[in-house]
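For reference, the structure I am asking about is given below.
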Amino acid sequence: MIWVIAVTIFWIAALGVNIRIANSAWGNTRAGRIFVPVLFGLTILIVWEGLVRGLQIPAVILPPPSAIAVRFSESLDILWMDFVQTFLKGALSGFAIGCGAAFLTAILIDRSPFLQRGLLPVGNFIAALPIIGTAPILVMWFGFDWQSKAAVVVAMVFFPMLVNTVQGLKETEAMQRDLMHTYAASYWQSLFKLRLPAAMPFVFNGLKISTTLALIGAIVAEFFGSPTRGMGFRISIEVGRLGLDMVWAEITVAAIAGTLFYGIVTLVEKKVTFWHPSQRK
Amino acid sequence: MRSIIPILTVVAAIFAIWFVGSFFMNKQWTLDQAERAGTTLSFSEVLADTMTQERPKLPTPIQVFDELWETTGAKVLDGKAMSKRSLIYHGWITLSSTLVGFVIGTLAGILLAVGIVHNKAMDMSVMPWAIASQTIPILAIAPMIVVVMNSIGVQGLLPKAIIAAYLSFFPVVVGMVKGLRSPNAMQLDLMKTYNAGQFETFWKLRLPSSMPFLFTSLKVGIAASLVGAIVAELSSSPLAGFGGRMLSGSYYGQTIQIWSALFAAAIVAACLVGIVGVIQQLTLKKMGMAQ
Amino acid sequence: ADDLTLQLKWVTQAQFAGYYAALEQGFYEEEDLNVTIKPGGPDVAPAQVIAGGGADVVVDWLPSALAAREAGLPLVNIAQPFVKSGMMLTCRKDTGITSPDDFPGKTLGVWFGGNEYPFLSWMSTLGIPTDGSDGGVTVLKQGFNVDPILQGQADCVSTMTYNEYWQIIDAGLTDDDLITFKYEDGGVATLEDGLYVLEDKLEDPAEVDKLARFVRASMKGWKWAEENQQEAAEIVLENDDTGAQTEKHQVRMMGEIAKLTAGSSGELDELAFERTVATLMAGGSDPVITKVPEGAYTKAVTDIALK
Amino acid sequence: MGGGVSQATVIEAKNLDLTFQTNDGPVHALKDVNLQINKGDFVSFIGPSGCGKTTFLRTIAALETPTSGTLTVNGMSAEEARKNRAYGYVFQAAGLYPWRTIAGNIKLPLEIMGFDKAEQNQRVERVLELVDLAGFGNKYPWQLSGGMQQRASIARALAFDADILLMDEPFGALDEIVRDHLNEQLLKLWDRTNKTIGFVTHSIPEAVYLSTKIVVMSPRPGRITDVIESTLPRERPLEIRDSAEFIEIAHRVRDGLRAGHDDNA
Amino acid sequence: MGGGVSQATVIEAKNLDLTFQTNDGPVHALKDVNLQINKGDFVSFIGPSGCGKTTFLRTIAALETPTSGTLTVNGMSAEEARKNRAYGYVFQAAGLYPWRTIAGNIKLPLEIMGFDKAEQNQRVERVLELVDLAGFGNKYPWQLSGGMQQRASIARALAFDADILLMDEPFGALDEIVRDHLNEQLLKLWDRTNKTIGFVTHSIPEAVYLSTKIVVMSPRPGRITDVIESTLPRERPLEIRDSAEFIEIAHRVRDGLRAGHDDNA
Ligand SMILES: Nc1ncnc2c1ncn2[C@@H]1O[C@H](COP(=O)(O)OP(=O)(O)OP(=O)(O)O)[C@@H](O)[C@H]1O
Ligand SMILES: Nc1ncnc2c1ncn2[C@@H]1O[C@H](COP(=O)(O)OP(=O)(O)OP(=O)(O)O)[C@@H](O)[C@H]1O
Ligand SMILES: Cc1ncc(C[n+]2csc(CCO)c2C)c(N)n1
Ligand SMILES: [Mg+2]
Ligand SMILES: [Mg+2]
């Protein structure tokens, strides 16, 4: 009970500090922008720790963050091996192939309104096929190693990316297109000088959605068969033997990798679409 | 309506590729079987066999749609629509947790977005963590959520709905934050010249201008909610719903059953998205925003 | 009546026919019990369910139960209806495998989540490395089905005598195409499908009495199922929520299961227990349990039940 | 001068300074601005692009806060005046809410200020009439031409009948004929209601035709370079624009403008 | 008349009709339009909003296709002329590409037409100078005021030195002084290069000051109601606007406009 009260008091205090900082001049500095979410995250961790201890929740249901941290630091080599297998081999290659293929397909079908009208609804339909069903099929087709994981990722990211890119290629204003027309610009000239730059905000939208999909896809696919390493493999076997601290260590890796991946894509987006109103100010 | 012909063309093309794919993927098995039996098969025999295998590597569209019909329409005709072998029964199980989850997720998403737009501390602290939350493999934590909810006495539909909500709240937050921030400076200034309060600005300006964004995210959200419900079914007991069908299909190597459950799920998703689309059309028309 | 919830290890199938038979035949009712049976699934860990208070008794395999015990969850075996192990490796003959000596260089599908340890200790007794080094085997984490052997991605897969083996047969391979290696024969069999509860339950005599009544009724169910295999299979089918099981498969499974439960009184065989522990502690570089478990089973319940 | 009905001071700016902090460094948008506007004045602001006309109007409306100096509106601070809903504001672009009909847009301030339903409808009717849009109440903004939208936004600002009207290039998007017509209407309204009007324009003839006082501004930093009191009578037919007096005032304004323009490419 | 250097016909429209099919039924945007523009002409189009000025300019540029009638540009069809890059076009809004700097925007047509790098840079320098934007080449469009953006878009149209210049209200967003200045510059350019210019405006003085020919249009259906040949000399100081001849032409234009306006609220 003491724990619970202490945790509640701590939570309120931390929230107070955060509101203070966010609304002060400090909140607008770079340090403030990093500090506030970090403090928020720390608060969650401490509240979690306090509740698990205070309510004596068994570690086999929810381990405290401290135990996860210990497990994390003791298992760096395994975590790294799993990360290489799942993220670098499975997720990244699938992300690159899927997004690349979708981008090229978008440019191809962009010339044909007929294909667009036909392919996009069907594509949306296919994108709605749940991964739980497709993953075992793709594992059956492409084998146990990272190739099948990449295939799952490709299947997951292809259509979100395609739809966004096609949409983006349409995003030019009539006047911008007319201008190209007055120059009697060729198809490729107006593609490279007008439509691709104008499409970039949408392309990055698709890329950002795909980053989180890629990681989840690669991990989930490992539940349906894998070599004896990988983040999904580790999670599924550790659940079986109630090694929940290891499960959470892997989840931590996933969350960090996913957030960093997202962050990097966001940074590139800032550089490429610096001109877009949403990036200014 | 002018999309009908292109769609049919694409669908036809996909079916053609699919048939060809079925032939090539299932061929090896047919040939192996023949070899073990010590017979040789003519091409047409191979072709016929690849189209009718019981556990094909890739079932043909005909097999899939046969199975779909057998487990839906035919059951209805037999008056056994809600039997455990009917996809309608399983569809209903999935649909109910999808819808409850969608409602929870949408409400949570909107509330969070309202908080983020009106409170700077929330804006700064929540967004990065909302992104991080979506990089966690849901399949890994779904069993824990079910168990934890179980230990506080919540069972049945709700744990699945919570997992569905977990996946659907994110698109709603992102879309609504964008939408509630979409009024431009001039529109906000206008409210200021009337000395309108935060509440009035919200009701009369922010909320209406967020509608197009809201509906776009609702479409994404409801599809995500369905995926969440299916994932949740894998860790719930008893094993039922589309997720249960896919898993038991996979477990027993019933590829046709997996594929038909997959298609049924995608059809339900398409219908749900379609319904949201219709509501969107009606609402925006009523609001005068659709031209 | 006393309420009691039983969490199965897997989906509803004849593997658990005894419990369903006891329920449908009214054996539990006779013992004044109101039993709820919760089917499991691949994403359901029975130990976790019992830890969360979602069940009073779980069906589990000894390796994962002991692993859970080491992880801090005090599971105790109260009864062991299965006396034999049904786990085996099934290989295609055309891969050239005729005995375990032919394994090196081959790809083997293995179930993880506790079940890999019998396999690993078997390989280590055979002197075959499993870490991917030369002269060893390649290990795959097998999913929920036997696709890898059908698709030729693995040379051998893990199967149960009562289930997966027949799926391979149903898929079109014949008995003659296959060769099987039972874990029993390799001396690494572990105790499967036991009944487990949390330790603190056993401190309360009233609870122990309730469990004893449960075990008694369950064993009655098992004996009934062994004798009425066709009806037992039908009961299972009625209770299957996925609607994916077939009668043919369940009747056949019931026949195979009966071989594993035959002659069991429900009482745990200490020798078999110790053999399992030895197997698990021997397992490779990262053994599932590191010290001999204390109090991992009790005869208190069966002593009352079988009086 | 100009036959004002009453001479009470409505808006008074003293040593007003306003600097925007931007990424490229500070922008001195208003420097040492002093101006007094009396009840019933029609004041036009004219000057090259970027000289601070909009900024000054927004400062009066308390949409910007001056860096230094004092500004009173109706004897109170600009912020208090805003809270008292002392003025109607017409923005440079129409800015109608697309999800409301024209009537709905005009009702918006009335709803916020808590007028009752009957009163709302009556006022909407009246101001629609005033800007020649009777019958268009049920249309949505995108069903109207740019000029009609602009008129609707003027109607919206007139609906709640504030004593002060601040208009930022309200007629910029209109062609000359429609503009002439609306100029006439506006003058009539002003004459009838004795409102105080602040009006930004780029057109010299428009400024001269409408105003009792023309404020000429100049950029970098934005400041007032000239304040010209009009000698034209309050009653002004369109033909007055061909009168010598008119042309003479217009010349004065043009000279003032050009003087401030020399440093502005 | 007007001292044109050469009298070859550059643009000729005969019985031009253009109808847009819209959801609310057809819109007759151009009806029976006949017009001949000679080399070196400076033709202004004036008329109320929606009368088809933009549509006609776009038809000349082959951005719209007439429903019936014939249109020749430089003796060929409008489409061929477009493919030959016969004209530079300035749109009603600046329409700069936000991902390119000002210099990059001006280079855009040069890149497409395959000028070499050195030539590109030299031309960019020259036209930036011409519109008084020297030194702003490296800025991005959103860093410039609306007026500066509009000037950049004029520079872009001038960069590749087409013989025909089509301008759709190019100076609409500018204040009077800058406008006067650019009017002068444009006249000088026209005088020096003997370009043929089609120019849409709402301002009567601007039309009179610049043109050799003023085309007055009227809406519903869009048609030409009057073509006024200017009697002003080719050499035009700003002061010419106070001359009696100027005022007299302006009156004629205003009368023409008003006549076409009567049915237009
Ligand atoms: N919010 C702001 N942040 C930074 N600078 C601003 C802001 N608003 C205006 N400015 C700058 O202040 C100066 C005055 O701008 P203002 O809009 O008042 O000019 P204006 O006279 O209304 O021009 P125009 O005739 O083009 O409307 C300009 O240099 C402008 O760039
Ligand atoms: N793409 C189009 N589709 C349908 N109708 C159009 C289209 N473009 C223009 N119109 C209509 O044709 C008529 C002429 O329009 P246009 O843009 O040429 O007028 P304008 O004289 O340039 O007017 P403004 O002075 O407002 O620019 C208008 O009624 C307009 O609504
Ligand atoms: C994830 C996972 N996959 C397979 C097994 C092995 N297994 C144990 S019981 C059982 C049912 C037999 O029909 C099977 C297949 C497991 N324990 N966990
Ligand atoms: Mg302004
Ligand atoms: Mg136009």
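Of B:K178/D:K139; D:K39/D:K213; B:K192/B:K285, which pairs sit farther than 20 Å apart, going by alpha carbon to alpha carbon?
Details: B:K178/D:K139 28 Å; D:K39/D:K213 12 Å; B:K192/B:K285 28 Å.
Beyond 20 Å between Cα atoms: B:K178/D:K139; B:K192/B:K285.
Same structure again: Angle check, please: helix C:116-126 long axis (alpha carbons) against the longest principal axis of chain C (alpha carbons), in degrees 0 to 90, nearest 10.
Rounded to the nearest ten degrees, it is 50.
Now for a separate question. Quote the FRET efficiency, to the nearest 0.05, computed for C:E199 versus A:V38 with a Förster distance R0 of 56 Å and r equal to the Cβ-Cβ distance.
0.85
Still on this structure: Roughly what % antiparallel, to the nearest 5, for the DSSP beta bridges in the protein assembly as shown? Walk me through the intermediate numbers first.
Numbers: 65 of 114 bridges.
So the antiparallel bridges in the protein assembly as shown amount to around 55 percent.
Between A:R53 and B:Q198, with labels modelled 7 Å along Cα→Cβ, what's the label distance in nm to one decimal, could you check?
The modelled label-to-label distance comes out at 3.5 nm.
On to the next question. Can you list the distances in nanometres, one decimal and ascending, from the D:E184 label point to the identical position in each other copy, with the point 7 Å along Cα to Cβ?
Ordered by distance, the counterparts are at 3.6 nm.
Hey, another quick one. How many nm is it between the label spots at E:K83 and A:E171, if each spot is 7 Å from the Cα in line with the beta carbon?
3.3 nm
Next question. For segment A:2-57, what ratio Rg/Rh do Cα atoms give with a Kirkwood hydrodynamic radius?
1.10
Another question, if that's okay. Under 5 Å between amide H atoms, partner at least 5 residues away or on a different chain: which partners does D:M167 have, H built in plane at 1.01 Å?
D:V90, D:G198, D:F199, D:V200
Can you compute the modelled spin-label distance between D:T67 and B:E45, with each label point 7 Å from Cα toward Cβ, in nm?
Once both label points are built, they end up 9.4 nm from each other.
Still on this model: Let me have the 222 nm mean residue ellipticity of chain A computed from DSSP H runs of 4+ only, each contributing -39500 (n - 2.57), with the sum over all residues rounded to the nearest 500.
Roughly -25000 deg cm²/dmol at 222 nm, from the helical runs in chain A.
Karplus couplings for segment A:23-36 from phi (6.51 cos²θ - 1.76 cosθ + 1.60, θ = phi - 60°), rounded to Hz, Gly and Pro as x?
Along segment A:23-36, the couplings run 8, 8, 4, 4, x, 8, 7, 4, 4, x, 5, 8, 4, 4 Hz.
Using a 1.4 Å probe on the protein heavy atoms only, what accessible surface does D:R223 show? Give it in Å² to the nearest 10.
For D:R223, solvent-accessible area is about 80 Å².
Given R₀ = 22 Å, FRET efficiency for E:D24-D:K117 by Cβ-Cβ distance, to 0.05?
The value I calculate is 0.10.
Also, quick follow-up: I'd like the isolated cysteines in the protein assembly as shown, meaning no second cysteine's beta-carbon lies under 4.7 angstrom from theirs.
A:C99, B:C271, D:C51, E:C51
How big is the charge dipole of the protein assembly as shown about its Cα centre, in debye rounded to the nearest 20, if each Lys and Arg gets +1 on its Cβ and each Asp and Glu gets -1 on its Cβ? Before the final figure, lay out the partial values.
Numbers: 121 positive and 145 negative charges, 829 e Å.
With only Lys, Arg, Asp and Glu charged at Cβ, the dipole is about 3980 debye.
Give me the summed buried accessible area for the D-B pair, 1.4 Å probe, to the nearest 100 Å².
2200 Å²
Continuing with the same structure: Give the shape of chain A as rounded, prolate or oblate, defined through the alpha-carbon gyration tensor: a ≥ b ≥ c are the square roots of its eigenvalues, a/c under 1.5 means rounded, and otherwise the shape is prolate if a/b is larger than b/c and oblate if not.
Oblate shape, in that a/c is at least 1.5 and b/c is the bigger or equal ratio.
For the protein assembly as shown, rounded, prolate or oblate, judged on the Cα gyration tensor with a ≥ b ≥ c (square roots of eigenvalues), a/c < 1.5 rounded, else prolate if a/b > b/c?
prolate
Any idea what the D:G114 label distances to the other copies are, label 7 Å down the Cα→Cβ vector, nm, shortest first?
Its label point is 7.4 nm from the equivalent points in the other copies.
Let me ask another. Can you compute the charge dipole magnitude of chain D about its Cα centre, using +1 on each Lys and Arg Cβ and -1 on each Asp and Glu Cβ, nothing else charged? Give it in debye, rounded to the nearest 20.
600 debye
Now for a different question. Between C:I304 and C:T125, what is the FRET efficiency for a Förster distance of 56 Å, r being their Cβ-Cβ separation, to the nearest 0.05?
0.90
Let me ask something else about it. Which value, in Å², gives the accessible area per residue of chain C when a 1.4 Å probe is used on the protein heavy atoms?
I get 34 Å² per residue for this part.
What average number of partner chain Cβ atoms lie no more than 10 Å from the Cβ of the residues making up B:199-206?
Going residue by residue through B:199-206 and averaging, the value is 2.
Return one whole number: the accessible area per residue of segment B:147-214 in Å², for a 1.4 Å probe. Before the final figure, lay out each step's value.
On the way: 2670 Å² over 68 residues.
On a per-residue basis, segment B:147-214 sits at 39 Å².
Ranked highest first by the average count of other Cβ atoms within 10 Å around their residues, in what order do D:246-253, C:290-297 fall? Mind dumping the intermediate values first?
Details: D:246-253: 16.8, C:290-297: 13.2.
The densest-packed peptide leads the list: D:246-253, C:290-297.
With solvent modelled as a 1.4 Å probe, how much accessible area in total do chains A and C shield from it at their shared surface, in Å² to the nearest 100? Show your work: numbers first, answer last.
Working: alone 16060 and 12830 Å², together 26970 Å².
The A and C chains share an interface burying roughly 1900 Å².
Could I ask something else about it? In square angstrom, what is the accessible area per residue of segment D:98-160 with a 1.4 angstrom probe?
40 Å²
Total accessible area buried between chains B and A, 1.4 Å probe, in Å² to the nearest 100? List each step's numbers first, then the result.
Values: alone 16820 and 16060 Å², together 28700 Å².
For chain B against chain A, roughly 4200 Å² becomes buried.
Before rounding to the nearest 500, sum -39500 (n - 2.57) across all DSSP H runs of length at least 4 in chain B and divide by the residue total; then give [θ] at 222 nm in deg cm²/dmol.
Values: 13 runs with 229 residues, N = 291.
Helix contribution divided over all residues of chain B: -26500 deg cm²/dmol.
The values are calculated or read from the model by the stated rules, or taken from the named source; none is laboratory data. Not measured: the values here are computed from a predicted model. Here the Cβ is made from the backbone with ideal geometry for all residues, glycine too, and neighbour counts use every protein chain on show. Areas reflect the complete protein model, heavy atoms only, side chains present, ligands, DNA and RNA absent. Shrake-Rupley method; radii C 1.70, N 1.55, O 1.52, S 1.80 Å.
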